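**Student:** So that we are looking at the same thing, I have put the structure below in structure tokens.
The values are calculated or read from the model by the stated rules, or taken from the named source; none is laboratory data. Values in this document were obtained by computation on a predicted structure and should not be read as measured data. Cβ: placed from backbone, ideal geometry, glycine included. Neighbour counts: every protein chain shown. Ligands, DNA and RNA are stripped out before the accessible areas are found, and what is left, the full protein with its side chains, is counted by its heavy atoms. Shrake-Rupley method; radii C 1.70, N 1.55, O 1.52, S 1.80 Å.
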Amino acid sequence: MRAIKPEDWKSDYSNKFDTPSRRLLECAIELPPTIIAAKTFVDENADFSSNNRRIMFTIENLEGQCVGGINLNSIDERNGTFSIGIVIYKEYQNRGYGTSAMKILLKYAFFERRLNKFNDAVLEGNDGSANLMKKLGYVQEGVRRKVIYTNGQYLDMILFGLTKDEFIDKQKVEGSF
């Protein structure tokens, strides 16, 4: 993982044409991307000092190729809660990049930021994200039934959570700590 660079707009732009993945990520069918929007997105998120309660990173493989992006968001310092957004570009999925990036960002959130609880939701049908959450030890905490309307149908949001203690216990079992 690394900070976003100005040239990352190219990867952001080209991968926004993956309509099925974008629908699962954004819970909507998006309009076609534009180069200006991609450059603006990168410019606005390359600055760690911005106060938008979101810290963005680019995920690179060892060959220096941009394979996706990840961010720490919805940060609530008072209550110690946060969320993580992640996208792995289609041609790089199922290679462990998402798992590795999530572990790094969870360690940062729990041990550097002193946050205590991850909260997020996955759109029904987003099996890749749901499986990643389960693999990392997240607990399914509930389902918000038929709350997202996209592509002509109402879908559920599956709620997941993970506490710092649960994360530590899972890492101990795996021998990562």
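**Student:** Of the residues VAL143, VAL122, which single one is farther than 20 Å from GLN93 by Cα and either free of Cβ contacts under 8 Å to residues at least 40 places away in the same chain or not in a loop (DSSP other than H, G, I, E, B) (or both)?
**Tutor:** Going through VAL143, VAL122 in turn, just one is farther than 20 Å from GLN93 by Cα and either free of Cβ contacts under 8 Å to residues at least 40 places away in the same chain or not in a loop (DSSP other than H, G, I, E, B) (or both): VAL143.
**Student:** Let me ask you something else. Checking LEU31 against (1) of a type outside the set (Val, Ile, Thr); (2) open to solvent by less than 80 Å² (accessible area, probe 1.4 Å); (3) without any contact (Cβ under 8 Å) to a residue 40 or more places away in the chain, which single condition isn't satisfied?
**Tutor:** Among (1) of a type outside the set (Val, Ile, Thr); (2) open to solvent by less than 80 Å² (accessible area, probe 1.4 Å); (3) without any contact (Cβ under 8 Å) to a residue 40 or more places away in the chain, LEU31 violates only (2).
**Student:** Here's something else I'd like to know. Yes or no: VAL67 surrounded by 19 or more Cβ atoms within 10 Å (Cβ to Cβ), within 23 Å of LYS135 (Cα to Cα), at pLDDT 95 or above and not small (Gly, Ala, Ser)?
**Tutor:** yes
So that you can scan it fast, the table gives a plain yes or no per residue for (1) in contact with an Asp or Glu (Cβ under 8 Å, 6 or more places away or on another chain); (2) over 21 Å from SER100 (Cβ atoms); (3) of a type outside the set (Ser, Thr, Tyr); (4) open to solvent by less than 60 Å² (accessible area, probe 1.4 Å):
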site: VAL143; (1), (2), (3), (4): yes, yes, yes, no
site: ASN151; (1), (2), (3), (4): no, yes, yes, no
site: MET157; (1), (2), (3), (4): yes, yes, yes, yes
site: PHE160; (1), (2), (3), (4): yes, no, yes, yes
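**Student:** Which of the numbered conditions does PHE17 fail, given that it passes all the others? Conditions: (1) in a loop (DSSP other than H, G, I, E, B); (2) aromatic (Phe, Trp, Tyr); (3) in contact with a strand residue (DSSP E or B) (Cβ under 6 Å, 6 or more places away or on another chain).
**Tutor:** (3)
**Student:** Answer yes or no as to whether TYR149 is aromatic (Phe, Trp, Tyr) and closer than 25 Å to GLY80 by Cα.
**Tutor:** no
**Student:** Could you check how many residues of the stretch 94-106 are without any contact (Cβ under 8 Å) to a residue 40 or more places away in the chain and crowded, with 16+ Cβ neighbours inside 10 Å?
**Tutor:** Qualifying residue count, the stretch 94-106: 3.
**Student:** From ILE84, ILE88, grab the single residue that is under 12 Å from the mean Cα position of the chain (by Cα), open to solvent by less than 10 Å² (accessible area, probe 1.4 Å), closer than 28 Å to LYS170 by Cβ and not small (Gly, Ala, Ser).
**Tutor:** None of the others qualify; the one that does is ILE84.
**Student:** When residues of the stretch 51-64 are filtered for being of a type outside the set (Gly, Ala, Ser) and either on the phi > 0 side of the Ramachandran plot or in contact (Cβ under 8 Å) with a residue 12 or more places away in the chain (or both), how many remain?
**Tutor:** Number satisfying all stated conditions: 9.
**Student:** Tally time: how many residues in the stretch 101-147 are of a type in the set (Val, Ile, Thr) and within 13 Å of the chain's Cα centre (by Cα)?
**Tutor:** Result for the stretch 101-147: 2.
**Student:** Hey, can you tell me all the residues within the stretch 112-138 that are open to solvent by 60 Å² or more (accessible area, probe 1.4 Å) and more than 15 Å from PHE82 (Cα to Cα)?
**Tutor:** Answer for the stretch 112-138, where residues must be open to solvent by 60 Å² or more (accessible area, probe 1.4 Å) and more than 15 Å from PHE82 (Cα to Cα): GLU124, ASP127, ASN131, LYS134, LYS135.
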